[in-house]
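Student: Could you have a look at this structure, given as structure tokens, before my questions?
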Amino acid sequence: MLKDLRKFDNLGTPNFFFELLTTLKVSEKQKWQIDDINKLFFNRVIDNRSVFEGCILLALRINLIEEVKGYIELNQKFENYLNSKSQMNDKFVERLFLSLEAVNEIYEIFSSENFSQDIVYNSLQLKSSAFGFKYANLKQLLIDFNVLKVHPTNQINKLIINTRYKKIFDKVILPQIKKRKIGIEEFKKSMEQQQIYGEEAEKFVLKYEHNRLNGIKEIQWIAEYIVNAGYDIASFNSVEDKKPTRFIEVKSYEGEKPYFFWSRNEMDVAKRKLTEYWLYLINRKEINQDDYEPLCIQNPSVEILDNAEWDKSIDKYKIVFNG
């Protein structure tokens, strides 16, 4: 679908689609062909755009309109969502994401490596460069439909995902992102099982933090989108905190003695955040017990690395030829 649409600069705006769809609705007895629609918008300027062929193709691709025996008709399922531009906007975004779900190219853009968390604005953000020139028209479409917002700080070349549409994004796109974020080595069965353990532990900590803060604060599951943040969950030390102050890396283990593997990136983030960084060690055998409490370690770069009670060993070396 994206390959067909790449040649068009303009994929449409809410004003264009609202006019197109309401026109088809109120004139349902009229027989419309694509040429008729092109004539309707010929020489028109809508939101500073003047060429609309790509918009009509997009409407067909995401099933807003249908071509039946050579005539263009409004999809009957969409008729009830044209009472207002805002209502149409929401349904359009839903249809767009559902249509993109099976398009592999979309995950070149919405890949885990392109996401980050903006703690100041409490939002998920995406690199603007993720779209490149190839998908610049899709980026503009998502901005026009308010799915993506330009970051308020001009120096930050990132886009913020509108919380209004995060639910449909999480339902449709996120599951595929999570499938694709596993590294090459992790496709092995044992590593897939470790990912399952990790997600179970992270879900436990989300619930644990929710209860610890009396359900008042919104706990952010960072690892759901981002693999290289250096922590899994952004939480709060207390309900009085206005922004996240507890960045939690979750590790699960099995057995009597806690153990974990710590990546270089996680360690570096821990050293930067110091007392704001926490390590939660979750025993998989005890996780379902009602009174289970995880082992929570604040500032582990000091409390663990400088503590002789914890044995450390190097699992891998990076070796570079300097000759």
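The values are calculated or read from the model by the stated rules, or taken from the named source; none is laboratory data. Worth saying up front: this structure is predicted, and the values here are computed from it rather than measured. All Cβ positions, even for glycine, are placed from backbone atoms using ideal geometry, and neighbour counts span all protein chains on display.
Student: Please go through region 255-269 and pick out each residue that is more than 24 Å from the chain's Cα centre (by Cα) and surrounded by 12 or more Cβ atoms within 10 Å (Cβ to Cβ). Let's see the steps before the verdict.
Tutor: Just the residues of region 255-269 that are more than 24 Å from the chain's Cα centre (by Cα), to begin with: 255-262, 264, 267-268.
Correct list: 258, 260, 262, 267, 268.
One line per residue, one yes/no per condition, for (1) more than 15 Å from the chain's Cα centre (by Cα); (2) more than 15 Å from residue 169 (Cα to Cα):
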| position | (1), (2) |
| --- | --- |
| 84 | yes, yes |
| 92 | yes, no |
| 125 | no, no |
| 134 | yes, yes |
| 137 | yes, yes |
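Here is a yes/no grid of residues against (1) within 11 Å of the chain's Cα centre (by Cα); (2) acidic (Asp, Glu); (3) at pLDDT 85 or above:
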{"residue": "145", "(1), (2), (3)": "no, no, yes"}
{"residue": "152", "(1), (2), (3)": "no, no, yes"}
{"residue": "162", "(1), (2), (3)": "yes, no, yes"}
{"residue": "168", "(1), (2), (3)": "yes, no, yes"}
{"residue": "178", "(1), (2), (3)": "yes, no, no"}
{"residue": "185", "(1), (2), (3)": "no, yes, no"}
{"residue": "192", "(1), (2), (3)": "no, yes, no"}
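Student: If you don't mind, another one. Residue 123 is checked against (1) hydroxyl-bearing (Ser, Thr, Tyr); (2) touching a residue at least 40 places away in the same chain (Cβ under 8 Å); (3) closer than 21 Å to residue 3 by Cα and fails just one. What number does that condition carry?
Tutor: (3)
Student: Filter region 69-104 down to the residues that are charged (D, E, K, R) and either touching a strand residue (DSSP E or B) at 6+ places or on another chain (Cβ under 8 Å) or assigned to a loop (DSSP other than H, G, I, E, B) (or both) and list them by number. Let's see the steps before the verdict.
Tutor: Residues of region 69-104 charged (D, E, K, R): 69, 73, 77, 79, 85, 90-91, 94-95, 101.
Selection gives 69, 73, 101.
Student: Still on this model: What residue, among those in region 244-259 that are free of Cβ contacts under 8 Å to residues at least 40 places away in the same chain and in a loop (DSSP other than H, G, I, E, B), is nearest to residue 228 (Cα to Cα)?
Tutor: 245
Student: In addition: I need the full set of residues from region 1-51 which are assigned to a loop (DSSP other than H, G, I, E, B) and polar (S, T, N, Q), in order please. I'd like the intermediate steps shown before the answer.
Tutor: At the first step, the residues of region 1-51 found to be assigned to a loop (DSSP other than H, G, I, E, B) are 1, 6-13, 27-31, 33, 41-45, 47-48, 50-51.
Of everything in region 1-51, those that are assigned to a loop (DSSP other than H, G, I, E, B) and polar (S, T, N, Q) turn out to be 10, 13, 27, 30, 33, 43, 48, 50.
Student: Among all residue pairs at least 6 apart or on different chains, which show Cβ distances below 9 Å where the first residue, located in region 137-156, is within 20 Å of residue 86 (Cα to Cα) and in contact (Cβ under 8 Å) with a residue 24 or more places away in the chain and the second is of a type in the set (Gly, Ala, Ser) and not in a helix (DSSP H, G or I)?
Tutor: 141/12; 144/12; 145/12
Student: Let me ask something else about it. Please determine whether any residue of region 260-270 is assigned by TED's automatic domain parsing to the domain that holds residue 204, among the polar types (S, T, N, Q), under 29 Å from residue 107 (Cβ atoms) and not in a strand (DSSP E or B). Break it down stepwise before answering.
Tutor: From region 260-270, those assigned by TED's automatic domain parsing to the domain that holds residue 204 are 260-270; that's our starting set.
Those left that are additionally among the polar types (S, T, N, Q): 263, 265.
After this cut, where a residue has to be under 29 Å from residue 107 (Cβ atoms) as well, the list is 263, 265.
Cutting the leftovers down to not in a strand (DSSP E or B) gives us 263, 265.
Checked region 260-270: at least one residue is assigned by TED's automatic domain parsing to the domain that holds residue 204, among the polar types (S, T, N, Q), under 29 Å from residue 107 (Cβ atoms) and not in a strand (DSSP E or B).
Student: Pairs under 9 Å by beta carbon, first residue over 19 Å from residue 211 (Cβ atoms) in region 284-301, partner surrounded by 14 or more Cβ atoms within 10 Å (Cβ to Cβ) and among the polar types (S, T, N, Q), six or more apart or different chains?
Tutor: Every condition considered, the pairs that remain are 284/252.
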